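Novice: First the structure, then my questions, so here it is.
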Amino acid sequence: VEHSNRNKNKISDVIYISKDNGEISCEVAVQYTDSYNESVKGFVNGINTIDGGTHVTGFRTALTRSITDYTKKQNGNGNGNQKDEAITGEDMKEGLTAVVYIKMPSEALQFESQTKAKLNNPEVMGFVSTTVKEGLDMYFEEHPQDARKIIDKVSLAAKARLAARAAKDAVLRKGALEGG
């Protein structure tokens, strides 16, 4: 992750999370930059799962929940702030660089096809999701300045998305009125 972001402005340090339950081992590294592109890579036993799979889905679920929970906690639960509702999973992907690595017994692996491009083990999704959620929650509590920078980045992405939608709607409305 650090190598992938070597030429970018980093918003946070690399967040490293790992856990082993005896059967499945999970390692995740996450970092936010000021870029607009997302780069999430998934690996299973050293195999690059280019189409992702249940491990990447579990990671994304945990990332969304963790950032949403922390944002709500910082804004004082349910104070009517619309900023919380405006943030989506797409906003959280902006500037994200992550690597999700799973190690488990080869005989237990289930891939979608012979090319091994997508992992299909349902139990991996829950394990990765729990691991990443716990790790991010702990990191945000221990590093509030990084958490604040990440939330500001995500909020800015949400504002930009909403402003783009409003501009598009205004143009469409104007076009409809001109026809009459």
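Novice: Can you pull a Stokes-Einstein diffusion coefficient for the range 1-104 at 37 °C (0.692 mPa s), Rh from Kirkwood over Cα pairs, as a whole number of µm²/s?
Specialist: 220
Novice: Can you give me the long-range amide H partners of residue 45? Hydrogens built in the peptide plane at 1.01 Å from N, cutoff under 5 Å, separation of 5 or more residues or another chain.
Specialist: 102, 103, 104
Novice: Which shape class, rounded, prolate or oblate, goes with the range 98-142 when its Cα gyration tensor gives a ≥ b ≥ c as root eigenvalues, a/c under 1.5 marks rounded, and past that a/b bigger than b/c marks prolate?
Specialist: The shape class here is prolate.
Novice: Which residue, 75, 21, 37, tops the fluctuation ranking in a GNM of the chain built on C-alpha contacts under 10 Å?
Specialist: It is 21.
Novice: How large is the convex hull of the Cα atoms of the chain per residue, expressed in Å³ as a whole number? If you can, show how the numbers build up before the last one.
Specialist: On the way: hull volume 28.4 nm³, N = 180.
Measuring per residue, one finds 158 Å³ for the Cα hull of the chain.
Novice: Output wanted: per-residue J couplings in Hz (rounded whole) for the range 40-54, from phi through Karplus 6.51 cos²θ - 1.76 cosθ + 1.60, θ = phi - 60°, x for Gly and Pro.
Specialist: With the stated coefficients, the range 40-54 comes to 10, 10, x, 9, 10, 6, x, 8, 6, 8, 5, 9, x, x, 5 Hz.
Novice: If you don't mind, another one. I'd like the distance separating the alpha-carbon centroids of the range 114-148 and the range 1-40, in whole Å.
Specialist: With the range 114-148 and the range 1-40 each reduced to a Cα centre, they are spaced 10 Å.
Novice: Restricting to the chain, what percent of DSSP beta bridges are antiparallel, rounded to 5?
Specialist: On the way: 18 of 25 bridges.
Around 70 percent antiparallel, to the nearest 5.
Novice: Net charge near residue 50: determine it from the other residues with C-beta under 14 Å of the C-beta of residue 50, scoring Lys and Arg +1 and Asp and Glu -1.
Specialist: Working: positive: 41, 116, 118; negative: 51, 112.
Computed value for this residue: +1.
Novice: If you don't mind, there's one more thing I want to ask. For the charge dipole of the range 90-173, defined by +1 on Lys and Arg C-beta atoms and -1 on Asp and Glu C-beta atoms about the Cα centroid, which residue among 145, 156, 121 has the Cα displaced farthest towards the positive pole?
Specialist: The residue sitting farthest along the positive end of the dipole is 156.
Novice: Also: What angle, in degrees between 0 and 90 and rounded to the nearest 10, separates the Cα long axis of helix 122-142 from the longest principal axis of the Cα atoms of the chain?
Specialist: That helix lies at roughly 70 degrees to the long axis.
Novice: Tell me what the chain gives for mean residue ellipticity at 222 nm when only DSSP H runs of n ≥ 4 count, each as -39,500 (n - 2.57), the sum divided by the residue total, rounded to 500 deg cm²/dmol.
Specialist: -16500 deg cm²/dmol
Novice: Moving on. Using each residue's phi in the range 88-105, evaluate 6.51 cos²θ - 1.76 cosθ + 1.60 at θ = phi - 60° and report the 3J(HN,Hα) Karplus result to the nearest Hz, with x for Gly and Pro.
Specialist: Values, residue by residue: 10, x, 4, 5, 6, 7, 5, x, 7, 10, 8, 10, 10, 10, 10, 10, 7, x Hz.
Novice: Holding the Cα-Cα limit at 23 Å, pick out from 19/149; 72/118; 41/72; 8/93 the pairs that are longer than that.
Specialist: Over 23 Å Cα-Cα: 19/149; 72/118; 41/72.
Novice: Compute the helix-to-body angle for 144-179: its Cα long axis versus the longest principal axis of the chain, expressed 0 to 90° and rounded to tens.
Specialist: On a 0 to 90 degree scale, this one is about 50.
Novice: Enumerate by residue number the chymotrypsin sites (Phe, Trp or Tyr not before Pro) in the range 1-37 meeting two conditions: DSSP loop (anything except H, G, I, E, B), and at most 14 other Cβ atoms within 10 Å of the site's Cβ.
Specialist: 36
Novice: Build a GNM of the chain with springs between Cα atoms under 10 Å: which of 106, 155, 35 gets the top mean-square fluctuation?
Specialist: 106
Novice: In the neighborhood of residue 23, defined by Cβ-to-Cβ distances under 12 Å, what is the net charge if each Lys or Arg adds +1 and each Asp or Glu adds -1?
Specialist: Every neighbour counted, the sum reads -1.
Novice: Let me spell out the model: positive unit charges on the Cβ of Lys and Arg, negative unit charges on the Cβ of Asp and Glu, origin at the Cα centre of the chain. What dipole size does that give, in debye rounded to 20?
Specialist: 680
Novice: May I have the extent of the alpha carbons of the range 104-180 along their three principal axes, as whole Å values ordered from largest to smallest?
Specialist: 66, 41, 17
The numbers here are math on the coordinates, done by the rules we state, and not lab data. Keep in mind it's a predicted model, so treat the numbers as computed, not measured. Positions of Cβ are generated from backbone atoms using ideal geometry, with glycine treated the same way; all protein chains shown enter the neighbour counts.
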